[in-house]
Amino acid sequence: MQNLYLLIFFIIGSIMGSFYHVLANRLSKEQSIISPPSHCEKCNHQLKWYELIPIISYIIQGGKCRKCKSKMSISYLLMEICTGILFAVCYHSFDFTLELISALLFVSCLIITIISDIEYMIILDEVLIVSIFGIIIVDLFDIGVYETSMRILSGLGAFATMLLIKKIGDVVFKQESLGGGDIKLMFLVGLVIGYPMAVCNIFFATFIAFPIALYLLISKKDNIIPFGPFLSMSAILLYIWGLNFTDIINFILA
């Protein structure tokens, strides 16, 4: 039965991953998420239901539009697979509990952030706000007012720390070093994984981003790199692994 539930959550996740990609694209371009229906961006061909089956449709069609044969971004396939896996992992970690709802909200927001920030250099306020308030409401029912208040304070601490890093970076580099979206994103991260771990998340994200930034700097391809995707990816990893600050300190000192 456990394997069946894992499969169900993977399927739900892959469906949501497809939706999140559309959501990130349309909200970033300030378009309606309802109209027009899903279509090929090259030829405007309205997609049939069987062209919208996550993962399977992409593979069967060879990653191309069925009508005009233009190539579709592989990011659709990757997001569907990754979201499916993450939904299944969330179920495996939290079973049918209130924390599962928080986990799905958290992971969903970070996935949308990864897409929107990579493709449009935007972290969507609407998605952050809905996720933050949704998680706070769930926490109030799950862990009570006091513990939820402590988590909110952790979020504020993470927000303040990121704001301080931005101010220092702006002075050092004499230009805007971080976007406002990165700072607001850290409130969500601090809310969910706690303040000390949120600080670890910043360093972990920087560690992941460094080789990519170095490559782009050497190749002179671009000097603007969105930090939100790295913050999001590292937050997902730390959250899924279930690491805490004590574990990290013990590892460093060992």
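Between I56 and L156, residue separation times 0.36 nm minus the direct Cα-Cα distance comes to 31.8 nm. Were the residues from V145 through K42 laid out at 0.36 nm apart, the gain over their Cα-Cα distance would be 32.1 nm. Projected onto their three principal axes, the Cα atoms of region 105-147 cover extents of 38, 15, 12 Å, largest first.
When the chain is treated as a Gaussian network with alpha carbon springs shorter than 10 Å, the biggest mean-square fluctuation among T161, T113, T97 belongs to T97.
Computed over the alpha-carbon atoms, region 75-140 gives an Rg to Rh ratio of 1.01, Rh here being the Kirkwood radius from the mean inverse distance. Hull volume per residue, based on the alpha-carbon atoms of the chain and their convex hull, is 163 Å³.
Taking θ as phi - 60° and the Karplus parameters 6.51, -1.76 and 1.60, the scalar couplings of region 188-194 work out to 4, 4, x, 4, 8, 9, x Hz in sequence order, x denoting glycine and proline.
Of K48/K184; K71/K184; K29/K64; K29/K69, which pairs sit farther than 26 Å apart, going by alpha carbon to alpha carbon? As for pairs spanning more than 26 Å Cα to Cα, those are K48/K184; K71/K184. In this structure, the amide hydrogen of H45, modeled 1.01 Å from its nitrogen in the peptide plane, lies closer than 5 angstrom to those of C40, counting only residues at least 5 positions away or on a different chain. Among I12, I111, I53, the residue with the largest mean-square fluctuation in a Gaussian network model of the chain, with springs joining Cα atoms closer than 10 Å, is I53. Sequentially through region 51-64, phi angles give Karplus couplings (6.51, -1.76, 1.60; θ = phi - 60°) of 8, 10, 6, x, 6, 4, 4, 4, 5, 4, 7, x, x, 10 Hz, Gly and Pro residues having no value and appearing as x. Computed over the Cα atoms of region 1-94, the ratio of the radius of gyration to the Kirkwood radius (Rg/Rh) comes to 1.02. When the label point is put 7 Å from the Cα of Y120 along its Cα-to-beta-carbon vector, which residues of region 16-60 have a backbone N closer than 15 Å? In region 16-60, the label zone of Y120 (backbone N under 15 Å from the point 7 Å along Cα→Cβ) covers 19-36.
Once the Cα atoms are used to define both axes, helix 125-173 deviates from the longest principal axis of the chain by about 80 degrees.
Subtracting the Cα-Cα distance of W241 and I34 from their residue separation scaled by 0.36 nm leaves 70.9 nm.
Computed from the coordinates by the stated procedures, all read-outs in this text should not be read as laboratory data. On a predicted model such as this, the values are computed, not experimentally measured, just so you know. When we count neighbours, we look across all protein chains shown, and the Cβ atoms used for this are built from the backbone with ideal geometry, even at glycine.
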